[in-house]
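Worksheet: one structure, shown below.
The values are calculated or read from the model by the stated rules, or taken from the named source; none is laboratory data. What you see is a predicted model; the values in this text were computed from it and never measured. Glycine also receives a Cβ, built like all others from the backbone with ideal geometry; neighbour counts cover every protein chain displayed. In case anyone asks, the SASA skips ligands and DNA or RNA and just uses the protein heavy atoms, side chains included. Shrake-Rupley method; radii C 1.70, N 1.55, O 1.52, S 1.80 Å.
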Amino acid sequence: MNRIKNKLSENKKILSIYFTAGYPKLDDTVEILQQLEKDGVDMVEIGLPFSDPLADGPTIQQSSQAALKNGMTTELLFQQLKDIRETVSIPLIIMGYFNPMLQFGVENFCKKCAEVGIDGLILPDLPLAEYEEHYEEIFKKYNLINIFLITPQTSEERIRQIDNASEGFIYMVSSASVTGSSEGFGAEQEEYFKRIASMKLSNPLIVGFGINNSETFLQSTKSAKGAIIGSAFIKMLSEKGLGGISTFIKSIR
Amino acid sequence: MNYNVNEKGYYGEFGGAYIPEMLYPNVEELRQNYLKIMAEESFQKEFRQLLKDYVGRPTPLYFAKRLSEKYNTKIYLKREDLCHTGAHKVNNTIGQILMAKRLGKTRIIAETGAGQHGVATATVCALMGLECIVFMGEIDIKRQAPNVARMKMLGAKVVPATSGSKTLKDATNEAIRDWINNPVDTHYIIGSVVGPHPYPDMVARFQSVVSEEIKIQLKEKEGRENPDFVVACVGGGSNAAGAYYHYLDKPEVGIIAVEAAGKGVNSGESAATSALGKVGIIHGSKTLLMQTADGQITEPYSISAGLDYPGVGPMHANLFASGRGEFISITDDDAMQAGLELSKLEGIIPAIETSHALAIFETRKFKKDDVVVVNLSGRGDKDLDTYIKYFNLN
Ligand SMILES: Cc1ncc(COP(=O)(O)O)c(C=O)c1O
């Protein structure tokens, strides 16, 4: 069984961390993953950097640019992850934009994912219809779960459609915003979280975007299965380096 | 073969809507409504009236006698430079602002390279009393200063894009991010035939008035609707799409697309997408794209801010891939010379974007009785600084 589904079947809230591969230093990827597992993180999104990350705010734009400048490539990421399953057992997801995957070759990319032990993919700019028409078969062949996003503006009809197409979980974007906003969650989010929870979807929900401390983590996991922290983790890495990981994770829960 | 968009939003293998879910409701709303709204009689009436009384259409089709003599062929110039605000861009912004109003949007965002689209957007926002925010690369803000001043005078807010190459591509990224952040009240007026479906088709339809007029005007002057060639510069490709539109399915009309070679196609400083690009995804569209082997979008270069874009609209990618269009790239130097030449021979100072299209006559030979229509997409006022520096005219 896929590690993502296994993890989601556990009776606990999920803490997931996003970081950009190749940042702060080119070779940090494996050490960051090992440390996150040691600190009790449940799942990780490994960001494959892209030159033009449309859905990302300044923090992830900068970490992506820095990672590319450091020399990160798709090929290199797979090399770095070659032996990752010898030391890391939590679910690993690659999150990236579709163009680098397209250039690598979608099938080739999926094959490499399977080889190194990646469990799923999040590709914000690969729309549902394109995925179903052209790529679903390939993803399935390599046992990769494709994760879709919903937002506060997604219609009920479309949410049902995405729920039907999803396996694993649905990535619930917390607010109408690119990544990295840190304004906290108010009544609007609370209402949104409740509204989605009351839809009784067949997939669990994991909230992302704008989660930056224990308060927003708790707020978003009240009704959702888990939450993803990205920009706040990357900011911490920029300031404190890998040595700051444990303290950061402990401050969340 | 059909060179127009199909019902799924593709031109051949190019196009589609590769957008994050955050943009889906807006793009889907537009997709479901744009053809219906454009077909409404009240829409057409208002659109046509504004094009006539406000933009100053039809723009003349001018026989360039001295230029024709020099190159020994018959050259007509479609005078989009005489549009209100100085370029073809306003044809699209008039259409889109009417669309935005019918969709109930109150806040308008746009990206701009040369500033022509920004000015055209700020203009229609002033006309309709809507809030206007224009994203512009930091580098372009410097090299197109007069247009920045115009936008401000028209009441728009100009926001510098400071990421990446700080030019058109990055301004577009910032506009898209703003749209993600403001999904309810905002309409994004894209300035070219780029972006996710239905934008390329919608913008092409608004610009198609250009070839609609050429057909009528050429009939009057030459006794035939069809030229032998229609020539346009291609940044994203909107003026070209407008000039080609009614000729796409007429094989007897040659289509010539002129891209910016910058300092030379192989110099590493170029924006010649058809020569340097591979199939990829930029700003929600699958198209030809300048990129590294690893799929990172590369930073283009052209002296002309309006052509400084690493992609090209999906319609043009398909014209290239299918062989329907002839693609030529022109260096900075050759474009600048052609701009000077038109000024001296015809008394028309063209935008540097347009100068690229005019430069083809030095190398691309035509027959004596060929009728060649060049889309004179814009005037050179915004570029005076660049021309003056380049030619040491001070
Ligand atoms: C005068 C003029 N021509 C051409 C262009 C290029 O755009 P497009 O290829 O969409 O016509 C621009 C863009 O700013 C422009 O200002």
- Task: Mind jotting down the distance between the C-alpha centroids of segment A:17-79 and segment A:86-134, whole Å?
- Result: 15 Å
- Note to self: with every protein chain in place and a 1.4 Å probe, segment B:84-156 gives an accessible area per residue in Å² of 29 Å²
- Item | 19 Å tail of the calculated P(r), segment B:100-152, as % of Cα pairs | 24 percent
- Message: Along its three principal axes, how long is segment A:105-228 when you only count alpha carbons? Whole Å, largest extent first please.
- Response: 44, 30, 22
- Note on the structure: Length gained, residue B:54-residue B:389, 0.36 nm per residue minus C-alpha separation, equals 117.2 nm
- Round to a whole number: what % of the accessible area of segment A:155-219 belongs to carbon and sulfur, probe 1.4 Å? 45 percent
- Taking Lys and Arg as +1 and Asp and Glu as -1, residues besides residue B:161 with C-beta under 15 Å from its C-beta add up to -4
- Normalised by the number of residues in chain A, what is the relative contact order in percent for Cα pairs under 8 Å and 6+ residues apart? 22 percent
- Query: Principal axis lengths of segment B:208-310 from Cα atoms, whole Å, largest first?
  - Reply: 51, 27, 21
- Task: Compute the convex hull volume of the Cα atoms of segment A:8-51, divide it by the residue count, and report the result per residue in Å³ as a whole number.
- Result: 78 Å³
- Note on the structure: Under the helix-only model (-39500 (n - 2.57) for each DSSP H run of 4 or more, divided by the residues of the protein assembly as shown), the mean residue ellipticity at 222 nm, to 500 deg cm²/dmol, is -12000 deg cm²/dmol
- Query: In whole percent, how big is the carbon plus sulfur part of the accessible area of segment A:1-148, probe 1.4 Å, protein atoms only?
  - Reply: 46 percent
- Item | Kirkwood Rh and Cα Rg combined as Rg/Rh, segment B:191-250 | 1.02
- For the B and A pair, go ahead and give the buried accessible area with a 1.4 Å probe, both sides summed, in Å² to 100. 2800 Å²
- Query: Sorted by accessible area with a 1.4 angstrom probe, largest first, how do A:85, B:177 fall?
  - Reply: A:85, B:177
- Message: Quick query: amide H of residue B:325 versus all other amide H atoms, modeled in the peptide plane; which residues come in under 5 Å with a sequence gap of 5 or more or a different chain?
- Response: B:320
- Among the helices of chain A (complete DSSP H runs), which have Cα atoms covering no less than 27 Å along the helix axis and a Kyte-Doolittle mean of at least -0.5? none
- Gaussian network model of chain B, springs between alpha carbon atoms under 10 Å - residue of B:313, B:325, B:347 with greatest fluctuation: B:347
- Cβ under 13 Å from residue B:282's Cβ, residue B:282 left aside: what net charge do those residues give with Lys, Arg +1 and Asp, Glu -1? -2
- Message: Could you tell me how far the Cα centroid of segment A:165-194 sits from the Cα centroid of segment B:314-333, in Å?
- Response: 43 Å
- Message: Just checking the output field for A:153-165: average partner chain Cβ neighbours within 10 Å of each residue's Cβ?
- Response: 2
- By the mean-Cβ-within-10 Å protection proxy, highest first, B:266-273, B:302-309, B:120-127 rank as B:302-309, B:120-127, B:266-273
- Note on the structure: Here the relative contact order (percent) of segment A:7-85, from C-alpha pairs under 8 Å and at least 6 apart, is 39 percent
- Taking only C-alpha pairs under 8 Å that are 6+ residues apart, what is the relative contact order of segment B:32-102 in percent? 31 percent
- Task: Note down the Stokes-Einstein diffusion coefficient of segment B:120-235 in µm²/s, whole number, using a Kirkwood radius over alpha carbon pairs, 20 °C, and 1.002 mPa s.
- Result: 130 µm²/s
- Message: I need the calculated FRET efficiency for the pair residue B:367 and residue B:220, taking r as the beta carbon distance and R₀ as 22 Å, to the nearest 0.05.
- Response: 0.50
- Task: Mind jotting down a quarter of the surface of the convex hull over the alpha carbons of chain B, in square nanometres, one decimal?
- Result: 17.5 nm²
- Note on the structure: Output ordering of A:47-56, A:88-97 (per-residue mean of other Cβ within 10 Å, highest first) is A:47-56, A:88-97
- Note on the structure: What the Cα atoms of segment B:270-394 span along the principal axes, largest first and in whole Å, is 45, 39, 21
- Message: If you wrap a convex hull around the alpha carbons of segment B:321-394, what volume per residue comes out, as a whole number of Å³?
- Response: 113 Å³
- Counting other Cβ atoms within 10 Å, which trypsin sites (Lys or Arg not before Pro) in segment A:144-246 have at most 13 and lie in a DSSP loop? A:200, A:222
- Expected-Rg normalisation [2.2 N^0.38 Å, Cα atoms] applied to the protein assembly as shown: 1.00
- Task: Might you list the cysteines of chain B that have no disulfide-compatible partner by the rule of another cysteine's Cβ under 4.7 Å?
- Result: B:83, B:233
- Ratio to report: Rg/Rh of chain A, with Cα atoms as the point set and Rh obtained by the Kirkwood method; give two decimals. 0.93
- Calculate, in nm to one decimal, what residue B:65 and residue B:4 gain on full extension: separation in residues at 0.36 nm each, minus their alpha carbon distance. 18.6 nm
- Task: Only helices at least 15 Å long along their axis, Cα-based, and averaging -1.0 or more on Kyte-Doolittle count here, so list those DSSP H runs from chain B.
- Result: B:24-39, B:89-102, B:116-128, B:168-181, B:209-222, B:332-346
- Message: For peptide A:122-129, what's the mean number of Cβ atoms from other chains within 10 Å of each residue's Cβ?
- Response: 5
- Antiparallel as a % of all DSSP beta bridges within the protein assembly as shown, to the nearest 5? 20 percent
- In a shell of Cβ-Cβ distance under 9 Å around residue B:349, excluding residue B:349 itself, what net charge do Lys and Arg (+1) and Asp and Glu (-1) give? -2
- Message: Straight-line reach from residue B:219: which lysines fall under 17 Å, measuring Cα to Cα and dropping same-chain residues less than 8 apart?
- Response: B:74, B:78, B:250
- Message: Between A:16, A:202, A:155, where does the largest GNM mean-square fluctuation fall for chain A, given springs only between Cα atoms within less than 10 Å?
- Response: A:155
- State, to one decimal in nm², a quarter of the convex hull surface area for the C-alpha atoms of segment B:1-107, i.e. the direction-averaged projected area. 10.4 nm²
- Averaged over the residues of B:284-296, the number of partner chain Cβ atoms within 10 Å of each residue's own Cβ comes to 5
